[in-house]
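The values are calculated or read from the model by the stated rules, or taken from the named source; none is laboratory data. Values in this document were obtained by computation on a predicted structure and should not be read as measured data. A quick note on method: Cβ atoms are made from the backbone with ideal geometry, for glycine too, and the neighbour counts reach across all protein chains shown.
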Amino acid sequence: MTTTRVPGDKRGVEDQRLRRRLGFWQLTAIAFGGVIGSGWLLSPMHAARTAGPAALITWTVGGLALVLIALVMVELAASIPETGGLVRWPLYTSGRLVATLVGWGIWVSYATNPPSESAAVLQYASQYIPDLYHHGHLTPTGIAAGLVLMAAFVAVNWFGVRLFARVNLAVTLAKFTIPALTVVALLISGLDGHNFTGYGGFAPYGYAAPLSAIATAGVIYAYTGFQGPIDLAGEARNPRRDIPRAVITALLLSMLLYVILQVVFIAAVPTGKLLGGWHGVNFNSPFAELATSANLTWLTWVLYADAIASPVGSALVFTAETSREAYALGKNGLLPDAVARVHAGSGVPRRALLVNFAIGVAFLLPFGDWQSIVAATSVLGLFAYSISVVAEASVRRADPGRMANWVRGTRWFAPVAFVIATLIFYWAGWHELRVALPVLFLSALLYAYQQVRRERDLADLVAGLWLVGYLVALLLFSRLGSFGGSRAIPAPWDSFAVAAVGLAAYVRALHDSARHLAVHPLPHGWRTM
């Protein structure tokens, strides 16, 4: 194994301490385990409340969009396997300003997963321990229990990637079996097909609702996690072979499972719950309460048990991933150098684990419920994924011989993936984007500090201005558009305009990246595995 230092990489020697012990099955379990968390337990209800039966559109469009993005991401991961790649790749191709915005967005998105999964566990547990969750929020007792859970996630990851992978593989087997068992049991118990056509019809709130629900109902959040093998690429035994297969296998299986679960949920809701329409559907423990109404007591108990296993498994994966992203942020210079250190004995960036635990605490305390945490941060993860599409296209243009070419045709569907991601970002609506985008802009202050303290690199600033303009344009269209905005630009013209913004940003990004790479070329050697 050889290590080549790259621009902005001051801790290259630390990479050598990472342990390359993850094979195909472990990587697939990491991807599937990251996806199947609290999302399957709660998102079908929130999607149905937002869009009614049209929530099936939500899962299908969201899943296909992420499959496109994932294909581009795995090609880049197979070509340039590096731990924390989602944070590192934008630095190589577009400079420090873009890397700062992306790194901040993905860090916030990832770090909020353990508190949201802890909140989901406790929301289900409140059926038997009412003092944990009350009036839609965790109680002080619930928050204390959530902190204990988050500390346990750190503990499992503390002693090395092999222990984490073994625990995660066992949990993932249960996480696949129980949703499948739930589908079969509810189908046998009898479902009501009238729910798909009655109570306002298939799309009772119009066809904008299922598009908004992709981000706001936790659907993107539910799919998020497939990138686990990419984040841990530096610890895979054969990344070029195993990472693409693991990611796509897990994502397609997850998409199929989520669509079937949504069908079953819609058909299983009792008539009495729908008298006020789909907006009135509300369960603390959705599938468990549906099992109870169908007199499936045994399934109710199984689901309450899985309400612990699924979120815990997902949180374990994200705790590992987030530590690698924080490690990469330290290498980028966005976080202190001390974070970018790997413990020699365990091969784990332990300081990054502790930093992320503190960030998780900061989100659990003020929000205190699953939906609030998810709605506030899930679009930031999608934003980071979309910039990886730009990085892949930039590397392919600058150095086509470097590409693994595991995924064919990315030059054609990469711009499509970026435009679709832009639309989903916009469809999240003004209410969410007016919070999410200013959170991203906060990282510009960190960049300004870096510029003054270290580099004062005007060329780097110019190379990243396309991204700032893109985000400002999204915020403006969100305010004027039909997804929670003033409707000054009516549907569907607002979506067409935003798609044009996405395509223009993609073209400009490749142009500016080519100029950046002409001055800062990719290194001739890379860490081989």
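At-a-glance table
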read-out: Any hit, region 438-445, residues being within 19 Å of the chain's Cα centre (by Cα) and β-branched (Val, Ile, Thr); value: yes
read-out: Index of the failed condition, residue 319 passing every other in (1) buried (at least 17 other Cβ atoms within 10 Å of the Cβ); (2) out of contact with any Pro (no Cβ under 6 Å at 6 or more places or on another chain); value: (2)
read-out: Test: residue in region 239-251 that is under 28 Å from residue 289 (Cα atoms) and at pLDDT below 85; value: no
read-out: Restricting region 224-267 to residues that are in a loop (DSSP other than H, G, I, E, B) and on the phi < 0 side of the Ramachandran plot, the residue that is surrounded by the most Cβ atoms within 10 Å (Cβ to Cβ); value: 227
read-out: Tally of residues being within 16 Å of the chain's Cα centre (by Cα) and more than 18 Å from residue 291 (Cα to Cα) across region 40-49; value: 0
read-out: Among residues of region 24-78, those that are touching an Asp or Glu at 6+ places or on another chain (Cβ under 8 Å) and surrounded by 24 or more Cβ atoms within 10 Å (Cβ to Cβ), counted; value: 9
read-out: Selection status of residue 105, modelled with pLDDT of 80 or more, in contact with a Phe, Trp or Tyr (Cβ under 9 Å, 6 or more places away or on another chain) and under 27 Å from residue 267 (Cα atoms); value: no
read-out: Hits in region 279-325 (condition: aromatic (Phe, Trp, Tyr), part of a helix (DSSP H, G or I) and more than 20 Å from the chain's Cα centre (by Cα)); value: 287, 298, 301, 304
read-out: Unique residue being surrounded by fewer than 24 Cβ atoms within 10 Å (Cβ to Cβ) and under 14 Å from the mean Cα position of the chain (by Cα) when the list is 87, 108; value: 108
read-out: Total residues in region 30-59, condition aliphatic (A, V, I, L, M) and at pLDDT 90 or above; value: 8
read-out: Single match in 348, 361 (criterion: at pLDDT below 75 and either of a type in the set (A, V, I, L, M) or surrounded by fewer than 20 Cβ atoms within 10 Å (Cβ to Cβ) (or both)); value: 348
read-out: Which numbered condition residue 472 misses (of (1) touching a Ser or Thr at 6+ places or on another chain (Cβ under 6 Å); (2) at pLDDT 80 or above; (3) at negative phi); value: (1)
read-out: Output for region 79-114, where each listed residue is aliphatic (A, V, I, L, M), within 16 Å of residue 355 (Cβ to Cβ) and touching a Ser or Thr at 6+ places or on another chain (Cβ under 7 Å); value: 108, 111
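Conditions tested, residue by residue: (1) over 16 Å from residue 381 (Cα atoms); (2) at pLDDT 75 or above; (3) buried (at least 24 other Cβ atoms within 10 Å of the Cβ); (4) not aromatic (Phe, Trp, Tyr).
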residue: 92; (1), (2), (3), (4): yes, yes, yes, no
residue: 97; (1), (2), (3), (4): yes, yes, yes, yes
residue: 113; (1), (2), (3), (4): no, no, yes, yes
residue: 129; (1), (2), (3), (4): yes, yes, no, yes
residue: 142; (1), (2), (3), (4): yes, yes, yes, yes
